[in-house]
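Single-structure report; data block below.
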Amino acid sequence: MSSRSPTTTLDDEEEALEEEAESPVQLNAINGSFSEEIVAEGDDDFVEDQHFESNSKAESSGVNEEISYTWRNVPEIDEVERPLSPGSSGYAGEMGSTSGGDEINDDDEDNSDIREVEFDGVSGSQSQWVSGKRHADEDDASVSWRKRKKHFFILSHSGKPIYSRYGDEHKLAGFSATLQAIISFVENGGDRVNLVRAGKHQVVFLVKGPIYLVCISCTEEPYESLKGQLELLHGQMILILTKSVNRCFEKNPKFDMTSLLGGTDAVFSSLIHSFSWNPATFLHAYSCLPLACATRQAAASILQDVAGSGVLFALLMCKHKVISLVSAQKASLHPDDILLLSNFIMSSESFRTSESFSPICLPRYNPMAFLYAYVHYFDIDTYLILLTTSSDAFYHLKDCRIRIESVLLNSNVLSEVQRSLVDGGMHIEDLLVEPTSRAGAVSSHLGQPRPGVSAPGRMADGFVGGIGGPAGLWHFIYRSIYLDQYVSSEFSSPINSLRQQKRLYRAYQKLYSSMHDKGIGPHKTQFRRDENYGRSFLFYPVALRMN
Amino acid sequence: MASSGNKNINAKLVLLGDVGAGKSSLVLRFVKGQFVEFQESTIGAAFFSQTVAVNDATVKFEIWDTAGQERYHSLAPMYYRGAAAAIIVYDISNQASFDRAKKWVQELQAQGNPNMVMALAGNKSDLLDARKVESEEAQTYAQENGLFFLETSAKTAANVNEIFYEIAKRLPRLQQTPNPSGMVLVDRPAERANTASCCS
C-alpha cells in the first residue's frame with residue numbers, strides 16, 4: 001500500500017475524502033514515487049471493523065442516543081463478491097461517466113443469482129428505472145424475495161405494513177407483525193433494539209413514534225449508514241404527509257396508512273436507489289452543477305428578487321444538482337430536505353406534464369406543517385421549485401416563474417446548464433493537464449451558491465501540487481462543512497464498470513461512517529485496502545482543519 | 001371565477017374524481033391532444049390553460065387537474081374555491097369511482113359556488129366490456145342534481161372536446177355578455193408586459 005502525504009493535496013480544506021485505486025502492477029510503480037508506504041496486508045477490515053455507536057455527526061444525531069445492540073461475534077468479512085460474468089450482469093457498458101449516476105441502474109443487487117433483478121439494470125434511463133414497486137408479486141415465501149440483498153420496510157406500531165421495497169405490502173402482513181413483535185418485545189423490557197446481526201445480515205430498526213422502519217441488508221454497509229437511510233426514508237414519508245399523520249394512529253392504532261401513500265412507490269424506490277449512488281445520502285450535503293460564476297450569479301439574482309416577495313425558498317435545480325438556491329429571511333434549507341424534495345419531484349412524472357402546485361413538507365424545516373410548492377420544468381432536466389407558506393400564492397408564483405424564465409433565457413442560463421450537463425463534472429485528468437483553466441470552474445462552482453461564503457480555488461491549487469501523474473489520484477469527494485456542499489470528480493478510466501463505481505461508493509460510505517465514529521475522531525487519516533478483481537483501492541480520508 | 005373582458009372570458013375549471021378515473025388523461029387529451037396508457041398519478045394539482053372559441057366569444061380555461069389520492073382530499077377546496085366550472089370524473093368500469101364522484105358532487109353543492117357549472121364525465125367509455133356503471137343510472141343522477149352528463153374517452157378522444165365546449169357555452173357570464181364590441185386580442189399583451197418588466 002502506498003500513500004501520498006495528505007498535505008500535498010487539499011491544503012487548507014476542512015475535510016476531504018479521496019481515494020486512489022490501482023492495480024497491483026501499478027501499485028509498485030506508485031510506491032516508488034511516494035515517500036510513505038504502509039503495509040496493511042490482510043488488513044482489509046481495518047476501517048470497517050470499528051464499533052458502531054451512535055453517530056456523532058451533528059446533523060444526524062441529536063435524535064437518538066441509544067445504545068446500539070451490536071452482536072458482532074462474527075468478524076466482519078469484506079464484501080464477498082460473487083463471480084460475475086460481465087455479459088450477464090446488465091451493468092456492462094451502459095455506464096457513461098457521471099458522478100451523478102442517474103444511469104447506475106441497479107444498486108445493491110449485485111447478486112448474479114437473480115437474473116430478473118439484473119434485468120432492471122439494463123434500462124438506460126432513469127424514467128425507465130423508476131417504475132414504482134418492483135416484484136410486487138413476491139412475498140416472504142418467495143425464494144427470490146428472500147434473496148434480495150436489501151429490504152426496506154415501513155410498518156405501523158400495530159404491525160400493519162405501510163411500505164415494502166419488494167413485494168406486496170398486504171401479503172407481507174405476517175412478516176410485518178413479526179418485526180413489530182421483535183420491536184415491542186425489546187421495548188417491553190425497557191430497552192430498544194437498534195441492530196441485530198445474523199450472519200451476513202444486519203437488521204436495523206428505527207422507531208419514529210407510531211412508525212417503525214426496518215432495513216434488512218447483507219450489503220455490509222455500516223450500521224450508521226443504514227440507520228441514516230431509514231431516517232431519510234422516514235423523512236420522505238414526512239415530506240409527503242407531515243408528521244401530523246401520527247395523530248391518525250392516536251385516534252386509531254389500527255389505522256391503515258397504505259392508502260395515504262397511494263401512488264408514491266416510485267418516490268420511495270427512487271430514494272432507496274439513490275442510497276447506492278448518491279453521496280448526498282450519507283454526506284448530508286448537496287452538490288452543485290458546475291457553472292461559470294457569471295451564469296450562476298444571473299440565476300441567483302433573479303431568484304433573490306423573487307424571494308423577496310413571499311417566496312420562502314427558491315431552488316433552481318438540474319436533476320439532483322443545485323444550480324442556485326435562495327431563501328428568504330434567515331430560513332435555511334437542510335441538505336437532506338433538498339435531497340428528499342428533489343427526489344420527490346424527479347420521481348413523480350406528474351410534475352413534468354405541466355406546472356404544479358402541491359403541498360409538501362420539509363421534514364428538517366418544519367415536520368408538522370405543509371408548505372406549498374410551485375414546480376415547473378424548464379426543460380427535461382432543469383426545474384424550478386418555489387416554496388411558500390401561502391396556499392393562495394399560485395398565480396403569484398406563476399408570475400414569478402415567468403419572470404425567472406425570461407431572465408434565464410435572456411442570460412443563456414438554461415443553455416449553459418445543458419452544456420454543463422453534457423460536459424459533466426470535474427475530471428481528474430483535466431485537473432492534471434490544465435490546472436489553470438479548470439481552477440476557475442472549480443472555484444466558481446464552490447463559491448457561488450451561498451453569497452458571502454467563499455471557497456476560492458485552493459482546492460484546485462492543491463491538486464496541482466499534489467498529483468504525481470495521471471495514475472496518482474483517481475477519484476475524490478470533497479465535502480465542505482461550512483457550505484453543506486460536496487463535490488466529487490467524475491468516474492474516470494480506471495473505475496469504469498458500474499460495479500467498481502459502486503464498490504467505490506460503498507467504500508466512501510464506510511469511510512465516512514468510520515471517520516465520524518467517536519472511536520476514531522475526525523482528524524485521523526485512515527488507509528483502507530480493498531482487493532477485488534485484482535485491484536487495490538487505497539482510500540485517504542483527509543481531515544484538515546483551517547485556523 | 002368567470003370574468004369577462006368583453007368577449008374574452010377567463011374561467012377557472014377544476015377536475016375532481018377518484019384515483020385513476022382519468023382526470024389527467026382528459027385534460028391532456030383536451031389541452032395537448034395526447035394520451036398515454038399508463039398515466040402517472042398526479043401530485044397535488046397540475047395547472048393547464050386552454051382557450052376555446054364558443055359562438056363568437058373566447059373562453060380561456062384555467063384548469064386545475066387535482067390529484068385523486070386520498071391524502072389530497074382535504075386540500076381540494078384550495079383548488080375548487082372560486083371555480084366557475086367543475087368536471088367530476090368517474091370510470092365507467094369502476095363502481096367505487098362513481099360513488100366517489102357522487103361525494104364530490106355533494107361536497108361542491110355544499111361548499112362551492114352556487115353558479116358553478118358542473119359536468120359529470122363517465123370516462124373510459126371505450127371499455128364497454130368492462131362497464132360497471134350504466135349510463136342511464138349516471139344520466140338520471142346527473143339530471144337530479146343539475147349536472148350535465150357525458151360519457152367520455154380520453155383514449156379515443158370521444159366527447160372530450162365536447163364536454164369542455166359544453167361547459168364553455170353554459171358559463172353564466174357568457175350568456176349575459178352584451179353585444180360584441182370590436183376585436184379583442186387574447187391575453188398576450190399582458191404577458192408581454194410582464195416579460196419586459198423582468199429584464200431590467
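The values are calculated or read from the model by the stated rules, or taken from the named source; none is laboratory data. It should be emphasised that the depicted structure is a prediction, and the values quoted were computed from it without experimental measurement. When we count neighbours, we look across all protein chains shown, and the Cβ atoms used for this are built from the backbone with ideal geometry, even at glycine. Protein only, heavy atoms only, side chains kept; ligands, DNA and RNA dropped before computing areas. Shrake-Rupley method; radii C 1.70, N 1.55, O 1.52, S 1.80 Å.
Note on the range A:323-343: residues that are assigned to a loop (DSSP other than H, G, I, E, B) and among the hydrophobic types (A, V, I, L, M, F, W, C) total 3.
Residues in the range A:232-247 that are out of contact with any Ser or Thr (no Cβ under 9 Å at 6 or more places or on another chain), in a helix (DSSP H, G or I) and either open to solvent by less than 30 Å² (accessible area, probe 1.4 Å) or touching a residue at least 12 places away in the same chain (Cβ under 8 Å) (or both): A:Leu233, A:His234, A:Gly235, A:Ile238, A:Leu239, A:Leu241, A:Lys243, A:Ser244, A:Val245, A:Asn246. Restricting the range B:163-183 to residues that are surrounded by 14 or more Cβ atoms within 10 Å (Cβ to Cβ) and over 19 Å from B:Asn113 (Cα atoms), the residue that is modelled with the lowest pLDDT is B:Thr177. All told, B:Val160 meets the bar of being more than 14 Å from chain A (Cβ to nearest Cβ), in contact (Cβ under 8 Å) with a residue 24 or more places away in the chain, open to solvent by less than 10 Å² (accessible area, probe 1.4 Å) and on the phi < 0 side of the Ramachandran plot. Take B:Ala119 and decide whether it is aliphatic (A, V, I, L, M) and either within 14 Å of chain A (Cβ to nearest Cβ) or touching a residue at least 40 places away in the same chain (Cβ under 8 Å) (or both). Spelling it out, B:Ala119 is indeed aliphatic (A, V, I, L, M) and either within 14 Å of chain A (Cβ to nearest Cβ) or touching a residue at least 40 places away in the same chain (Cβ under 8 Å) (or both). For the range B:74-86, residues that are at the interface with chain A (Cβ under 10 Å from one of its Cβ atoms) and either under 14 Å from A:Pro359 (Cα atoms) or open to solvent by less than 10 Å² (accessible area, probe 1.4 Å) (or both) total 5.
Can you find a residue in the range B:14-31 that is small (Gly, Ala, Ser), open to solvent by 10 Å² or more (accessible area, probe 1.4 Å), closer than 21 Å to A:Phe394 by Cα and in a strand (DSSP E or B)? Looking for residues that are small (Gly, Ala, Ser), open to solvent by 10 Å² or more (accessible area, probe 1.4 Å), closer than 21 Å to A:Phe394 by Cα and in a strand (DSSP E or B), one finds none in the range B:14-31, hence no. When A:Tyr372, A:Tyr395, A:Tyr377 are checked against the criterion of being at negative phi, within 11 Å of chain B (Cβ to nearest Cβ) and modelled with pLDDT of 95 or more, a single residue qualifies: A:Tyr372. Determine if the range A:179-193 includes at least one residue that is under 28 Å from A:Ala280 (Cβ atoms) and aromatic (Phe, Trp, Tyr). No, that holds for no residue. Going by the conditions given, is B:Tyr80 under 13 Å from the mean Cα position of the chain (by Cα) and of a type outside the set (A, V, I, L, M, F, W, C)? Spelling it out, B:Tyr80 is indeed under 13 Å from the mean Cα position of the chain (by Cα) and of a type outside the set (A, V, I, L, M, F, W, C).
Within the range A:212-222, can you find the residues that are touching a Phe, Trp or Tyr at 6+ places or on another chain (Cβ under 8 Å) and either hydrophobic (A, V, I, L, M, F, W, C) or surrounded by fewer than 23 Cβ atoms within 10 Å (Cβ to Cβ) (or both)? Across the range A:212-222, the qualifying residues are A:Leu213, A:Val214, A:Cys215, A:Ile216. In the range A:292-302, the count of residues that are closer than 30 Å to A:Leu504 by Cβ, in a loop (DSSP other than H, G, I, E, B), away from every other protein chain (no Cβ under 14 Å) and among the small types (Gly, Ala, Ser) is one or more.
Scanning the range B:17-66 for residues that are within 8 Å of another protein chain (Cβ to nearest Cβ) and touching a residue at least 40 places away in the same chain (Cβ under 8 Å) yields B:Val19, B:Ser24, B:Leu28, B:Asp65.
Residues in the range B:69-86 that are touching a residue at least 40 places away in the same chain (Cβ under 8 Å), of a type in the set (Gly, Ala, Ser) and within 13 Å of B:Glu107 (Cα to Cα): B:Ala76, B:Ala86.
Selection of the range A:491-513 for residues being over 13 Å from A:Pro279 (Cβ atoms), open to solvent by less than 30 Å² (accessible area, probe 1.4 Å) and at pLDDT 80 or above yields A:Leu498, A:Arg499, A:Gln500, A:Arg503. Considering the conditions (1) within 25 Å of the chain's Cα centre (by Cα); (2) buried (at least 19 other Cβ atoms within 10 Å of the Cβ); (3) within 13 Å of chain B (Cβ to nearest Cβ); (4) over 25 Å from A:Arg499 (Cβ atoms), A:Val306 is excluded by exactly one of them, (1). Close contacts from the range A:354-367, counting a first residue that is more than 7 Å from every other protein chain (Cβ to nearest Cβ) and a second that is among the aromatic types (Phe, Trp, Tyr), with Cβ to Cβ under 9 Å and a gap of 6+ residues or different chains, come to A:Ile360/A:Phe344; A:Ile360/A:Phe370; A:Ile360/A:Tyr372; A:Cys361/A:Phe370; A:Leu362/A:Phe313; A:Tyr365/A:Phe313. Scanning the range A:382-391 for residues that are at pLDDT 95 or above and farther than 21 Å from B:Phe48 by Cβ yields one hit, A:Leu387. Does A:Ser276 fit the bill of being away from chain B (no Cβ under 13 Å), open to solvent by less than 10 Å² (accessible area, probe 1.4 Å), in a loop (DSSP other than H, G, I, E, B) and not β-branched (Val, Ile, Thr)? Here the answer is yes, as A:Ser276 does meet what is asked. When the range A:244-267 is filtered for residues that are away from every other protein chain (no Cβ under 14 Å) and under 26 Å from the mean Cα position of the chain (by Cα), nothing remains.
The single residue among A:Ile183, A:Ile154 that is part of a helix (DSSP H, G or I) and open to solvent by less than 10 Å² (accessible area, probe 1.4 Å) turns out to be A:Ile183. The test for being outside any strand (DSSP E or B), more than 9 Å from chain B (Cβ to nearest Cβ) and touching a Phe, Trp or Tyr at 6+ places or on another chain (Cβ under 7 Å) holds for A:Leu414. Of the listed requirements (1) loosely packed, with under 15 Cβ neighbours inside 10 Å; (2) touching an Asp or Glu at 6+ places or on another chain (Cβ under 9 Å); (3) in a helix (DSSP H, G or I), B:Ala138 misses just one: (1). Considering the range A:317-353, and only residues there that are open to solvent by 20 Å² or more (accessible area, probe 1.4 Å) and within 14 Å of another protein chain (Cβ to nearest Cβ), the residue that is modelled with the highest pLDDT turns out to be A:Met346.
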